[in-house]
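*Asks:* Here's a structure for you.
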Amino acid sequence: MEPLTIQQQVFNHLKSMLAPHLSLVDELSELLSISPDSVYRRLRGEKSLTLQELKTICEKYHISLDQMLHLKNDAVVFQAPDINRTPISINDYLLGFHDQLKSINSFEQKQMLYLCKDLPVWYYYLFPEIAAFKTFVWLKTLMNHPDYLYKKFSLKEYSFPDCFELGQEANKIYNRIPSTELWNIEIISSTLLQIEYYRDAGIFENIRDMNMVIDSLQLSLNHIQRQAEKGYKFMPGENAVSTGVTIKLFMNEVLLGNNTVLVELNGTRASFVQYNVLNIMQTRDARFNEIAFTNFYTLMSRSTLISGSGEKERSRFFSRLKEKLSALKM
């Protein structure tokens, strides 16, 4: 393969990755510290990229030369934005979700497929009490934050208004992205276990707060059920067709997902895979995405659509979730 052909593939790949409002020439000019004219000469093939320039581009945009050179190996390059800034704060974590959704929404043609093991994070920020509880759990139990090591959860003391605001904004952006979600009956099991553990270990400041958290999660499930009934996304208190953006919700009673988000943006595919509970890594590797998308559609074909139509199955599914939740109340 001629070097110029590889160079053109790199540029074509970059064009597909950039959000529509960004200029490839401006991006490369700033990144490589060269003039726009110099960038145009490289784009036209009049000048070859140096090895150092190619290295800089690949590092910045997480491009795999294995894929560009069509090397037949099993290496897949993933981007893990948080890998170099551990530990990450909960605000940064939520801001990362917010910014990623904002980037996805900037594309004209977009769709999201969500294979869920747990309830998508932004759904916990539909109502303040469950949002505060999940934020506290992540800080105390997952991140082992020293400020919360010996603290009990109290809605009065730990309302986390900044986090709730970020979560609300993430929901509003998500509501502008057409999506398909694949759920299972264990979708809230991890949260139920957290509530039960905090109750039995005496980490709730009082039982009233625990019951308010449960009621808040119930409101979230009620809202998601209404979205599924209407087939559209909207915020609590809004008109059911205020956004006009569709949501398809499927239920699978046999298989558990693994919290994988697949997106297709102006014809380019990407996969986002959760690791270490909260962290996300992503790849645009064509081979990986082909398998991931095929697997999602296979699971979807073996699942039951419970949005729009399917009233009986939808009601039965959400009733089972709510029964599990109600059983925790005291």
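*Asks:* Under 9 Å between Cβ atoms, which residue pairs at least 6 apart in sequence (or on different chains) link something in segment 36-58 that is within 11 Å of Gln7 (Cβ to Cβ) with a partner that is of a type in the set (Lys, Arg)?
*Replies:* Here the result reads Lys47/Arg41; Ser48/Arg42; Leu49/Arg42; Glu53/Arg42, each pair linking segment 36-58 to a residue that is of a type in the set (Lys, Arg).
*Asks:* Answer yes or no: is there a residue in segment 94-111 that is of a type outside the set (D, E, K, R) and touching a Cys at 6+ places or on another chain (Cβ under 7 Å). Spell out how you get there, then give the answer.
*Replies:* Quick first cut of segment 94-111, residues of a type outside the set (D, E, K, R) only: 94-98, 100-101, 103-107, 109, 111.
Next cut, touching a Cys at 6+ places or on another chain (Cβ under 7 Å) only: 94.
Looking for residues that are of a type outside the set (D, E, K, R) and touching a Cys at 6+ places or on another chain (Cβ under 7 Å), one finds at least one in segment 94-111, hence yes.
*Asks:* If you don't mind, there's one more thing I want to ask. Identify, from the list Glu186, Glu253, the residue that is touching a Lys or Arg at 6+ places or on another chain (Cβ under 9 Å), charged (D, E, K, R) and either surrounded by 20 or more Cβ atoms within 10 Å (Cβ to Cβ) or assigned to a loop (DSSP other than H, G, I, E, B) (or both). So that I can check it myself, show each step before the final result.
*Replies:* Working: Glu253 fails: touching a Lys or Arg at 6+ places or on another chain (Cβ under 9 Å).
Just a single option satisfies the conditions, and that option is Glu186.
*Asks:* When Gly96 is evaluated against the numbered criteria (1) among the small types (Gly, Ala, Ser); (2) modelled with pLDDT of 75 or more; (3) not assigned by TED's automatic domain parsing to the domain that holds Ala132, which criterion, by number, is the only one it fails?
*Replies:* Unmet for Gly96, out of (1) among the small types (Gly, Ala, Ser); (2) modelled with pLDDT of 75 or more; (3) not assigned by TED's automatic domain parsing to the domain that holds Ala132: (3).
*Asks:* Given the residues Leu119, Leu126, Leu166, which is the only one that is touching a Pro at 6+ places or on another chain (Cβ under 8 Å) and closer than 23 Å to Glu238 by Cβ? Spell out the reasoning first.
*Replies:* Details: Leu119 fails: touching a Pro at 6+ places or on another chain (Cβ under 8 Å); Leu166 fails: touching a Pro at 6+ places or on another chain (Cβ under 8 Å).
The conditions single out Leu126.
*Asks:* Could you count how many residues in segment 270-279 are under 21 Å from Asp74 (Cα atoms) and either among the basic types (Lys, Arg) or touching a helix residue (DSSP H, G or I) at 6+ places or on another chain (Cβ under 8 Å) (or both)?
*Replies:* First, pick out the residues of segment 270-279 that are under 21 Å from Asp74 (Cα atoms): 270-275.
Right, trim to either among the basic types (Lys, Arg) or touching a helix residue (DSSP H, G or I) at 6+ places or on another chain (Cβ under 8 Å) (or both) and you get 270-272.
The total comes to 3.
*Asks:* Residues of segment 12-48 being under 29 Å from Gln109 (Cβ atoms) and hydrophobic (A, V, I, L, M, F, W, C), which ones?
*Replies:* Across segment 12-48, the qualifying residues are Leu14, Met17, Leu18, Ala19, Leu22, Leu24, Val25, Leu28, Leu31, Val39, Leu43.
*Asks:* Give the residue, chosen from Gly237, Gly310, Gly244, that is more than 27 Å from Phe97 (Cα to Cα) and at pLDDT below 95. Break it down stepwise before answering.
*Replies:* Details: Gly237 fails: more than 27 Å from Phe97 (Cα to Cα); Gly244 fails: more than 27 Å from Phe97 (Cα to Cα).
On inspection, the qualifying residue turns out to be Gly310.
The values are calculated or read from the model by the stated rules, or taken from the named source; none is laboratory data. Everything numeric in this text was worked out from a predicted model, so none of it was measured. Virtual Cβ from ideal backbone geometry, glycine too; neighbours counted across all protein chains shown.
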